[in-house]
Amino acid sequence: MRVEFDRDTCVGMYQCVAEWDAFEKDLNDGKADLRGSEEEGEDLFVVEVPDGEELDAKFAARSCPVDAIEVYDDDGEQVV
């Protein structure tokens with residue numbers, strides 16, 4: 001499972017930070033950061049979800065008010 005985070009879309013409400021500790025606040029930019037991610041395009045960050053953290057990743061995506069977080073299963077199908 002992987003997470004794609006569009007940081008440009010992020011508005012800094014930080015609900016994702018409360019749901020999954022892979023996200024952290026960047027108070028300088030007023031946006032969230034996705035720890036351990038790799039940039040795959042301008043402001044698009046991707047990370048593989050560690051075993052046991054799948055539910056947290058899904059909750060983080062569902063909590064984002066601007067849909068800046070997408071979750072994909074191992075077959076590449078979007079699940080959130």
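Of all residues in segment 42-80, those satisfying the criterion of being assigned to a helix (DSSP H, G or I) and either in contact with a Pro (Cβ under 6 Å, 6 or more places away or on another chain) or aliphatic (A, V, I, L, M) (or both) are Leu55, Ala57, Ala60, Ala61.
Here is a yes/no grid of residues against (1) acidic (Asp, Glu); (2) at pLDDT 95 or above; (3) closer than 18 Å to Cys10 by Cβ:
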position: Glu48; (1), (2), (3): yes, yes, no
position: Ala61; (1), (2), (3): no, yes, yes
position: Cys64; (1), (2), (3): no, yes, yes
position: Val71; (1), (2), (3): no, yes, yes
position: Gln78; (1), (2), (3): no, yes, no
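Here Met1 meets each of (1) in contact (Cβ under 8 Å) with a residue 40 or more places away in the chain; (2) surrounded by fewer than 13 Cβ atoms within 10 Å (Cβ to Cβ); (3) touching a Phe, Trp or Tyr at 6+ places or on another chain (Cβ under 9 Å) with one exception, condition (2). Within segment 48-65, being exposed (fewer than 11 other Cβ atoms within 10 Å of the Cβ) and more than 14 Å from Ala18 (Cα to Cα) holds for Asp51, Gly52.
The values are calculated or read from the model by the stated rules, or taken from the named source; none is laboratory data. Note that the coordinates shown come from a computational prediction; the quantities given were computed from them, not determined experimentally. Cβ coordinates were reconstructed from backbone atoms using ideal geometry, including for glycine residues, and neighbour counts include every protein chain displayed.
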